[in-house]
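Contents: one structure, followed by commentary.
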Amino acid sequence: MKLHIRHHKEEDAQPLMNLLETYHQTYTYDTGNNLTHLSHQANSSTWQQTLAIRPNNNRGTETQQSTTDFDANGNLLVLNNIGTLNWHYNNTLNQLTKADKSNTTEHYVYDYQGKRVRTVIESNSQAQSQRDYLPSLDISTNEAKQQSSTLHIGTHILSESNKDNTQSPNQTRYQLTSHLQSNTLELNDKAQTLSYEHYYPYGGTAIIAGKDKAQVQQKRYRYTGKERDDSSGLSYYGARYLAPWLARWISPDSAGAVDGLNLYVYVGNNPLKYIDPTGNNEIGTISRHKFVAHINKRLKHGKKLNLWIGESHSLESGAILLLKLLTSINIHNIVLENCSATLGLRPPENINFVDLMINNRFFSPKTYWAFRRAKKLTKNHNLYYLGSNCWKNTYLDIHLFGPSNNYIALVGSRHIVDEIETMGYNYDLQAYPAYRHTNEDENIALLLLDRVEHFRKVKRTMKEIQEYGVWVKGRRGVKGSAFLVLGNKATMEREFGNAAQAVPEDLSDLQDYQSRSRTPKVIQRFASLFRRK
């Protein structure tokens, strides 16, 4: 197999051998964190790029700015040598009119949640190609009405099939990723190389190689695993589009100045360490103390709020979080999932919290004695059960047998993260996610970090509403006891303000918790002063 390299001009393919070389890039920023100058030095070529930044709003372009470069909302209107952009009223990209091809326009269509569901390329008002985006499936149709589809299996496996085009055989792409989730190496089902790509820090292609030109051109999901549009070179992240060659977003952060005054900067200008899976401001992180204070403040004013903890029945982490919260949050009702529910049985009427936990779950001896010592803690709490008769009637369980006031519930984590059950059992649809089917404005869910990591590998189904979330730090900074709080937008913003941000449907797109726990820059500066001494 002979690999070819494409560099600078995508249409020029050359043998890979002897073309690789080291390069040095220097990035210069202004005081507003805007990239102003980029210098690239290599043996084969040296080039520089300068960005013009408007001082009062951080808007940046490749050339000296004019009043027509941005609309009133701060959305970029011109991509140099590519085309002009048009935007919807809600700040989603509407269309791209190509500069090098007369009467060629690419249109973008979104659903009610702002998620892109279709792209159409027209020339002289005639459709040339169309791509429709369904959950885990892309369907493309060309001018000759030939149809191809891309099935997303898990997070980094693409199964491509072509219904009418015999020139492009069916194949599977196994995408190997970097620590930034960027697709670097693609293999087929025989472990043969389809493509290899190396990226510049902000997502531009430094080198891309493949078995042949066709294989390389078919690659769509690239830097940080996001789709790069061929027409514009923009990477689509969901809420916004990234221009890799500009090292910035082409529209401002819709959340406002919650992560600084610069609304266009990408991941704080630290793209070698951080990613932004959705294009929204990163999900915020609050302390355990602040989380408890928020909850107690609401309860103190007589407002209802229920907490649902998602656990693994074979691990003690969820139960331990429950016990910790019982010591700090003024809630006296406990709702436990009956793990014997598959037998169609309810627990005995007089069983206590500790005995139910021990009888229903499989804990280590250390945890057994911890719960024995917890008897005193829980004796003043009311105990209720959920999930009787294999979760056949969740509404009946919670309304007839459950508490009438605020409660903390401990259930299997799948009842937190899925909208419907995908395992094939005849469960009540209200069991997924259970916390939203009593009154979603009065319920939030808590998912421990180990459960979040587990569901990164599982394709979940969340189509009804957009979830919002906020991270809560672990006790004394211990990462393992951190958890993600989930709820609908209104509830999360009411309780946690701008720290709550949209959570992606696919949890593999959720930014790692550790990358959210950054030391504030002010503290970093003080720490560096002490180190110098």
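The values are calculated or read from the model by the stated rules, or taken from the named source; none is laboratory data. All figures in this text were calculated on a predicted structure; none of them were measured in a lab. Every residue, glycine as well, gets a Cβ built from its backbone with ideal geometry; the counts of neighbours run over all protein chains shown.
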**Item:** Residues (among the polar types (S, T, N, Q) and in contact with a Ser or Thr (Cβ under 7 Å, 6 or more places away or on another chain)) located in region 206-264
**Value:** GLN215, THR224
**Request:** Tally the residues that are of a type in the set (A, V, I, L, M, F, W, C), modelled with pLDDT under 75 and over 15 Å from the mean Cα position of the chain (by Cα), restricting the search to region 434-464.
**Result:** 0
**Request:** Just give me the residues in region 130-148 being assigned to a strand (DSSP E or B), of a type in the set (S, T, N, Q) and surrounded by fewer than 17 Cβ atoms within 10 Å (Cβ to Cβ), in sequence order.
**Result:** GLN147
**Contacts under 6 angstrom Cβ, first residue in region 26-45 being more than 19 Å from THR61 (Cα to Cα), partner loosely packed, with under 13 Cβ neighbours inside 10 Å, 6 or more apart** = GLN41/HIS24; ALA42/GLU21; ASN43/GLU21
**Asked** Residues SER149, SER195, SER136: which one is in the same structural domain as LEU96 (by TED's automatic domain parsing), in contact with a Gly (Cβ under 6 Å, 6 or more places away or on another chain) and touching a residue at least 12 places away in the same chain (Cβ under 8 Å)?
**Response** SER195
**Prompt:** Counting only residues that are on the phi < 0 side of the Ramachandran plot and assigned to a loop (DSSP other than H, G, I, E, B), which one in region 106-116 is modelled with the lowest pLDDT?
**Reply:** GLN113
**Asked** Considering TYR202, TYR274, TYR196, which residue is of a type outside the set (D, E, K, R) and assigned to a strand (DSSP E or B)?
**Response** TYR196
**Exclusive hit being outside any loop (DSSP other than H, G, I, E, B) and assigned by TED's automatic domain parsing to the domain that holds HIS88, set LEU307, LEU242** = LEU242
**Request:** With the checklist (1) over 23 Å from the mean Cα position of the chain (by Cα); (2) farther than 18 Å from THR119 by Cβ in hand, flag the one item ASN142 doesn't pass.
**Result:** (2)
**Positions within region 255-305 being modelled with pLDDT under 85, surrounded by fewer than 18 Cβ atoms within 10 Å (Cβ to Cβ) and at positive phi, in sequence order** = GLY256, GLY260
**Yes/no for THR342 being farther than 21 Å from PHE483 by Cα, among the hydroxyl-bearing types (Ser, Thr, Tyr), at pLDDT below 90 and more than 30 Å from the chain's Cα centre (by Cα)** = yes
**Asked** Among (1) in a strand (DSSP E or B); (2) under 23 Å from the mean Cα position of the chain (by Cα); (3) not charged (D, E, K, R), which single condition is ILE207 missing?
**Response** (2)
**Asked** If you scan region 40-94, which residues turn out to be small (Gly, Ala, Ser) and either out of contact with any Asp or Glu (no Cβ under 7 Å at 6 or more places or on another chain) or part of a loop (DSSP other than H, G, I, E, B) (or both)?
**Response** SER44, SER45, ALA52, GLY60, SER66, ALA72, GLY74, GLY83
**Prompt:** How many residues are in a loop (DSSP other than H, G, I, E, B) and at pLDDT below 60 when one looks only at region 1-16?
**Reply:** 9
**Asked** Only one of these conditions is not met by ARG59: (1) without any contact (Cβ under 8 Å) to a residue 40 or more places away in the chain; (2) not assigned by TED's automatic domain parsing to the domain that holds TYR202. Which number is it?
**Response** (1)
**Asked** When you scan region 475-506, how many residues do you find that are aromatic (Phe, Trp, Tyr) and under 22 Å from GLY256 (Cβ atoms)?
**Response** 1
**Request:** Just name the residue that is modelled with the lowest pLDDT out of those in region 189-239 that are aromatic (Phe, Trp, Tyr) and under 29 Å from TYR110 (Cα atoms).
**Result:** TYR237
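The rows are residues; the columns are (1) touching a Lys or Arg at 6+ places or on another chain (Cβ under 6 Å); (2) surrounded by fewer than 16 Cβ atoms within 10 Å (Cβ to Cβ); (3) at pLDDT below 95.
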residue: ASN18; (1), (2), (3): no, yes, yes
residue: TYR27; (1), (2), (3): no, yes, no
residue: ARG54; (1), (2), (3): no, yes, yes
residue: THR67; (1), (2), (3): no, yes, yes
residue: LEU77; (1), (2), (3): no, yes, no
residue: LEU85; (1), (2), (3): no, no, no
residue: ALA99; (1), (2), (3): no, yes, yes
residue: THR104; (1), (2), (3): yes, no, yes
residue: ARG118; (1), (2), (3): no, yes, no
**Prompt:** So how many residues does region 164-188 have that are within 15 Å of LYS211 (Cα to Cα), at pLDDT below 90 and outside any strand (DSSP E or B)?
**Reply:** 2
**Message:** Just to verify a result, which residue in region 29-52, among those that are surrounded by 12 or more Cβ atoms within 10 Å (Cβ to Cβ), over 21 Å from ASN80 (Cβ atoms) and among the polar types (S, T, N, Q), is nearest to the chain's Cα centre (by Cα)?
**Reply:** ASN33
**Prompt:** Tally time: how many residues in region 171-195 are buried (at least 18 other Cβ atoms within 10 Å of the Cβ) and not polar (S, T, N, Q)?
**Reply:** 4
